[in-house]
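> Pasting in a structure now, in structure tokens, and then I'll have a few things to ask.
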Amino acid sequence: MIVLYAPSAPELGGVVDYSGQIDRYADKHSPFAFSLPAYLTVAAFVPGGLLLFIWALRVTHFAPKADAAARTLREDAAAGSALPAVRARITSAWRSDHVSLGDVDGTVRVTSDHKLGLSLEDGSEVRAANRGGPPHALALLAATLGERPGWLCGARNWRLIRNNQPVVFVTDEGEVAWLELDRADFERILAPTTPVQPDPNRSTVLAPTPTTVLPGAHWPWLGGLLLSYALATYVLMVPMSWGAALSTTAAAATTAVAAFVFLARRRAALTDRLGHWEVRETRDPELGPA
């Protein structure tokens, strides 16, 4: 144990050093000696290492399984197999809002389901979900590919795919959009059709991904991150007591977390303003009439 004090001013008291930092400072003559013990420094890497492990597990284990259904369709098309297909065109983007009782008394919860409406050559309609992209981008996709005729294609080996079926909509100009149909809709519309042989000389390209950047959702959280950075910089550059440094650091961390929470909530509030939506609202019977 080392006690640091000023002999000329004993009334100031002293500092008791239990971690050996004063001894390291005297040996190295460097302010970097005032650091966390080695075991704490190693422990600080544990959360980051755990997050990295979860990310790697998701990429190597779960992502291939999630893409297995789409890979089945992709392999069927690449092999030149005849695919179940019907003529169709995109008509509109649909949003179904279901209003139910909220978790807190006096509030309601709104659950939204986003689908893309397609009109088939026999006059019937079907609604498909977005696959591999944000649901709220469907309105922008409808504005880009709307009313352009094309083929709605499914996998030849669709019986090997559980639950929802991946499909692609290919315009006559060769633009491709990946979508997803409920299995019941697939069995009703695509399964009974006569398979169509793809043209091997026809080139296709993915439809441009519509941007969903929302200025009203991004500038507040960026401001929060700048404030968090400013607070962290203030702690590093301005001498202050231990308590003030701890409080300011906690404020910086809280501001950074709050910025991302605000981003998620703000995006959820603004996303349905993108493009034009055909809206249908349903209510839980418990709520009674509107």
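> Take ARG74 and decide whether it is open to solvent by 70 Å² or more (accessible area, probe 1.4 Å) and part of a helix (DSSP H, G or I).
Here the answer is yes, as ARG74 does meet what is asked.
> While we're on this one: Mind listing whichever residues of the range 252-266 are without any contact (Cβ under 8 Å) to a residue 40 or more places away in the chain and open to solvent by 40 Å² or more (accessible area, probe 1.4 Å)? Don't jump to the end; show me each part of the working.
Initially, the range 252-266 is screened for residues without any contact (Cβ under 8 Å) to a residue 40 or more places away in the chain, giving 252-261, 264-265.
Answer for the range 252-266, where residues must be without any contact (Cβ under 8 Å) to a residue 40 or more places away in the chain and open to solvent by 40 Å² or more (accessible area, probe 1.4 Å): ALA253, THR254, VAL257, ALA258, PHE260, VAL261, ALA264, ARG265.
> Out of the residues in the range 216-232 that are surrounded by 12 or more Cβ atoms within 10 Å (Cβ to Cβ) and among the aromatic types (Phe, Trp, Tyr), state the one that is modelled with the lowest pLDDT.
Of everything passing the filter in the range 216-232, TRP221 is modelled with the lowest pLDDT.
> Given the range 96-209, what strands (runs of 3 or more DSSP E) lie entirely inside it while holding 2 or more residues that are acidic (Asp, Glu), within 24 Å of ARG71 (Cβ to Cβ) and open to solvent by less than 70 Å² (accessible area, probe 1.4 Å)? Before the answer, list the steps.
Working: elements: 108-120, 125-130, 149-153, 165-171, 175-181.
In the range 96-209, the matching strands (runs of 3 or more DSSP E) lie at 175-181.
> Answer yes if at least one residue in the range 131-153 is in contact with a helix residue (DSSP H, G or I) (Cβ under 6 Å, 6 or more places away or on another chain) and of a type in the set (A, V, I, L, M, F, W, C), and no otherwise. Working first, answer last.
So the first thing to find is which residues in the range 131-153 are in contact with a helix residue (DSSP H, G or I) (Cβ under 6 Å, 6 or more places away or on another chain), and the list is 136.
Those still in the list that are of a type in the set (A, V, I, L, M, F, W, C) too: none.
No.
> While we're looking at this one, here's another question. Of all residues in the range 77-95, which are under 21 Å from THR193 (Cβ atoms), at pLDDT 85 or above, of a type in the set (A, V, I, L, M) and not in a loop (DSSP other than H, G, I, E, B)?
LEU83, ALA85, VAL86, ALA88, ILE90
> While we're looking at this one, here's another question. Within the range 169-188, identify whether any single residue is over 30 Å from SER247 (Cα atoms), basic (Lys, Arg) and touching a strand residue (DSSP E or B) at 6+ places or on another chain (Cβ under 7 Å), and answer yes or no.
Yes.
The values are calculated or read from the model by the stated rules, or taken from the named source; none is laboratory data. The structure presented is a predicted model; accordingly, all values stated were derived computationally and were not measured. Glycine gets a Cβ as well: all are built from the backbone with ideal geometry, and neighbour counts include every protein chain shown. Each accessible area value is taken on the protein alone, full model and side chains, heavy atoms only, with ligands, DNA and RNA left out. Shrake-Rupley method; radii C 1.70, N 1.55, O 1.52, S 1.80 Å.
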